[in-house]
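Note sheet for the following structure.
The values are calculated or read from the model by the stated rules, or taken from the named source; none is laboratory data. No experiment lies behind these values; they were computed from the predicted model shown. Quick reminder, even Gly has a Cβ in these numbers, built from the backbone with ideal geometry, and neighbours come from all protein chains shown.
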Amino acid sequence: MKPVNDVEVDGVYKIILNRPEKRNALNSELLTALRDSVLNAEKSKAQIVILRGSGGFFSAGGDIKEFLEAQDAKSRIDSMAMILNDVVKKIRTMSSLWISVVEGGIVGAGIGLALCCDITVAAKSSYINMGYRRIGLTPDGGVSVFLPKLVGMKRMNQMYLFSENISMEQARDMGLVNFVVDDERIDTFLDEMIRELKKLPLHTISAYKELINASLFPDLAHQLEKERFHVAEMAGKDTFKRLLENFVTRKG
């Protein structure tokens, strides 16, 4: 089974994270395939790109099993963060309009993938949880870039320090998602929204995103590298392995 599926239909390029049995946790194979799919979307010149997860869940964040099994967790997470950074930067700089579709939940680095998109549509029953401190890590995937810009420092601190579940109604009020839809209506709503978007010219999107990036994220690449450095450093500590083992034991 491919870890990421992608297809273009009528100028809309769909990228589907495809590890439903793992709630689309981001392992090295999936991240590499995701980067390839993003590059394929760019080559297709699709005006709209949809990013979502299979099996009714967006992404559970980094793959705990891969972290535990890695002989050198610091090196492994460093290389994974490098690929994730490539994906985030490409999403922000592509001329396409990116729409993330959140179902089930988004955790850890999955939050960065959802937030870096231009529009986010969420199923009402979904939730957000940063999760990083549960396993002794710092944010990655652009979370330290996008989240404080959207919600402010105090709320960001609360979400990181306490690993709270944030409902989609809360997320909408905080500016993290645009639309919250009944679960059974999400596909219908998405189709209707795309039809509305296509009624107006989409050739302006590239210039528009350039303006937004210059205004809000002028140091995106630099901050992503800082995230990568710190998350890899945290992964090299004994605390990380101990917390991972405790986490897996509790889950089991």
Go through segment 56-103 and count every residue that is farther than 22 Å from PHE229 by Cα and not in a strand (DSSP E or B).
8
If you check SER59, SER96, which single one turns out to be within 11 Å of the chain's Cα centre (by Cα), of a type in the set (S, T, N, Q) and buried (at least 22 other Cβ atoms within 10 Å of the Cβ)?
SER59
How many residues are of a type outside the set (Phe, Trp, Tyr) and either without any contact (Cβ under 8 Å) to a residue 12 or more places away in the chain or outside any helix (DSSP H, G or I) (or both) if we restrict to segment 194-209?
9
Among ILE64, ILE106, which is the only one that is at pLDDT 95 or above, under 28 Å from GLU233 (Cβ atoms) and out of contact with any Pro (no Cβ under 7 Å at 6 or more places or on another chain)?
ILE106
Just to be sure, is SER37 more than 26 Å from PHE189 (Cβ to Cβ), at pLDDT 95 or above and of a type in the set (Ser, Thr, Tyr)?
no
Name every residue in segment 204-240 that is charged (D, E, K, R), surrounded by fewer than 17 Cβ atoms within 10 Å (Cβ to Cβ) and closer than 24 Å to SER79 by Cα, in order of residue number.
ASP219, GLU225, LYS226, GLU233, LYS237, ASP238
Of all residues in segment 2-29 being charged (D, E, K, R) and part of a loop (DSSP other than H, G, I, E, B), the one that is surrounded by the fewest Cβ atoms within 10 Å (Cβ to Cβ):
ASP10
Any residue at all in segment 155-176 that is in contact (Cβ under 8 Å) with a residue 60 or more places away in the chain, surrounded by 16 or more Cβ atoms within 10 Å (Cβ to Cβ) and more than 21 Å from GLN223 (Cβ to Cβ)?
yes
Quick check on segment 30-55: of everything there that is in a loop (DSSP other than H, G, I, E, B) and surrounded by fewer than 17 Cβ atoms within 10 Å (Cβ to Cβ), which residue is nearest to the chain's Cα centre (by Cα)?
GLY55
Taking segment 116-134 and keeping only residues that are closer than 16 Å to LEU34 by Cα and either under 8 Å from the mean Cα position of the chain (by Cα) or free of Cβ contacts under 8 Å to residues at least 40 places away in the same chain (or both), one is left with CYS116
Which residues, taken from segment 26-54, are among the small types (Gly, Ala, Ser) and without any contact (Cβ under 8 Å) to a residue 40 or more places away in the chain?
ALA33, SER37, SER44
Checked pairs for segment 222-242, first in a helix (DSSP H, G or I), second surrounded by fewer than 14 Cβ atoms within 10 Å (Cβ to Cβ) and polar (S, T, N, Q), C-beta under 8 Å and 6 or more apart or across chains, list as ALA232/SER75
Looking only at segment 194-203, which residues are more than 21 Å from the chain's Cα centre (by Cα) and surrounded by 11 or more Cβ atoms within 10 Å (Cβ to Cβ)?
LEU197, LYS198, LEU202
Per the filter on segment 144-193, residues of a type in the set (Val, Ile, Thr) and either under 16 Å from the mean Cα position of the chain (by Cα) or in a strand (DSSP E or B) (or both) are VAL145, ILE166, VAL177, VAL180, VAL181
